[in-house]
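Reviewing the structure listed below.
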Amino acid sequence: MMIGRVIGNVWATRKEDSLNGLKLMIVQRMDSVSGESLENFVAVDCVGSGIGDKVLVTTGSSARKALRNPESPVDASIVGIIDEAKD
């Protein structure tokens, strides 16, 4: 899992049928120690996050399990919104 911040969304006029009804969000990965911003990637939103939210993202087969559809062409899913992180 990784921590990131939602910085935008993706508008798609057409997408794979298993992705219909799902929001695609642009997430900027953050270094959990320094807070430095790293690369951006697209993730499916499972929890109703919005732009500016700090989120918890899972990748790989765990991302597909979060959608409850192991056949979806998904590699990253937002599975939590972080209110506060404690060291």
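If you go through region 1-54 and keep only what is more than 12 Å from ILE81 (Cα to Cα), open to solvent by less than 60 Å² (accessible area, probe 1.4 Å) and part of a loop (DSSP other than H, G, I, E, B), you end up with ALA12, LEU22, ASP31, GLY35. Just so you know, in region 55-87 the residues that are open to solvent by less than 60 Å² (accessible area, probe 1.4 Å), touching a Leu at 6+ places or on another chain (Cβ under 8 Å) and in a strand (DSSP E or B) include one that is nearest to SER18 (Cα to Cα), and it is SER77. Within region 55-70, the set of residues being within 20 Å of ASP83 (Cβ to Cβ) and either of a type in the set (Phe, Trp, Tyr) or in contact (Cβ under 8 Å) with a residue 40 or more places away in the chain (or both) comprises VAL55, LEU56, VAL57, THR58. Within region 17-46, the set of residues being within 14 Å of MET2 (Cβ to Cβ) and in contact with a helix residue (DSSP H, G or I) (Cβ under 8 Å, 6 or more places away or on another chain) comprises ALA43 only.
The values are calculated or read from the model by the stated rules, or taken from the named source; none is laboratory data. No experiment lies behind these values; they were computed from the predicted model shown. Methodologically, a virtual Cβ is constructed for each residue, glycine included, from the backbone with ideal geometry; neighbour enumeration extends over all protein chains shown. Areas reflect the complete protein model, heavy atoms only, side chains present, ligands, DNA and RNA absent. Shrake-Rupley method; radii C 1.70, N 1.55, O 1.52, S 1.80 Å.
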